[in-house]
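Everything on this sheet refers to the single structure shown next.
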C-alpha cells in the first residue's frame, strides 16, 4: 500500500488563509491576520504584498469569464457583467488549477438568481457561450466509419447501438442566438436547434437542424440504433412533422460526414 505524505498542519493553515484572502472581494478586509502569515519585503509591507495578489486574482478571473462568455459580456456590458460575475465567483470560487472550469456553474447560478424580464434570452446566451467554450476540452472517440464495421455489424447495421460524440452537443434555444449581433435589441423569440461540434481543424462549428432532426438525434445521446431512431418518426408525424425517408437518410449521411457519431465496438 502506498501512503501519501500528509502536509504539515501549519502549511495547510497558511494555504487556506492565503486562498481565502486572495479570492476575497475587493471591499472585504483580509489584512487583519496578514502579519501572522506574510513577512514584509524590503520595499513593501505585508499588507501591500497581499494586495498585489488580490489585485491580480479578480481581474484575471473576470477576464477568463469574459473569454468564456463573449455574448453575455457583449449584451451586459462591463459594469453589469462584472457585478454579476463577482456574485458568481463568491458563490462558486475557483477550485481548480486551471481556469478552464471556472465558468461551468454560470448557467446554474443565473437559473437560480436572475429573474429579469430578459431571463430566457440571457440563459440562451449563457448556454451557447458555454457550449462553445467547453468544446475545447471535451473528449472525442474514433468516429463512425462504415468501411471499418465488422461483417456482422454490416449485416445488422440498423440494430447497432450508436452514440453521439462527447464533442457533438445538441442545443435548443428559445431565441436565435447565432443571428444576434452585439449592440442590437433582444430579438423576437424563435425556437432554434443546432449541433455544435469540433471539425477536423479543432475549430468550433454550428450546424442548424430542424426540430424533427433534433428529436431524432437526441436518442444518440443515450445510445440508439437506426431502427430505434425510425421508431420515433411516427411519433413526430403524429405531432404534425412531415419526415421523409430522404430526410432521415440525409441526416444519417451528415452524421457520418461531420463525425458526430462514435464508431461502435466490434
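Order these peptides, 234-241, 126-133, by their mean beta-carbon neighbour count within 10 angstrom, highest first. If you can, show how the numbers build up before the last one.
On the way: 234-241: 11.0, 126-133: 20.8.
Output ranking for 234-241, 126-133: 126-133, 234-241.
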Original post:
Helix-derived [θ] at 222 nm for the chain: sum -39500 (n - 2.57) over DSSP H runs of at least 4, divide by residue count, nearest 500?
Top reply: -15000 deg cm²/dmol
Original post:
How high is the FRET efficiency between residue 202 and residue 97 when r is their beta carbon distance and R₀ equals 22 Å, given to the nearest 0.05?
Top reply: 0.45
Original post:
Over the stretch 58-181, how many percent of alpha carbon pairs lie in each 10 Å bin up to the one with the longest distance?
Top reply: 11, 36, 25, 13, 11, 4, 0
**OP:** Report the normalised scattering of the stretch 139-266 as log10 I(q)/I(0) at q = 0.19, 0.22 Å⁻¹, calculated by the Debye formula with identical scatterers on the alpha carbons.
**Re:** -1.12, -1.37
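Work out how much length residue 49 to residue 236 would gain on full extension: take 0.36 nm times their residue separation and subtract the Cα-Cα distance, in nm to one decimal. Display every interim value, and only then the final one.
On the way: separation 187, 0.36 × 187 = 67.32 nm, distance 6.39 nm.
Extending this stretch completely gives an extra 60.9 nm.
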**OP:** Could you give the spread of the C-alpha atoms of the chain along their three principal axes, from largest to smallest, in whole angstroms?
**Re:** 76, 59, 31
**OP:** Could you check which residue among 117, 212, 143 shows the biggest mean-square fluctuation in a GNM of the chain with a 10 Å Cα cutoff?
**Re:** 117
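Throughout, read-outs are computed from the coordinates displayed, never taken from laboratory work. Computed from a prediction, not measured in an experiment: that's the story for all the values here. Quick reminder, even Gly has a Cβ in these numbers, built from the backbone with ideal geometry, and neighbours come from all protein chains shown.
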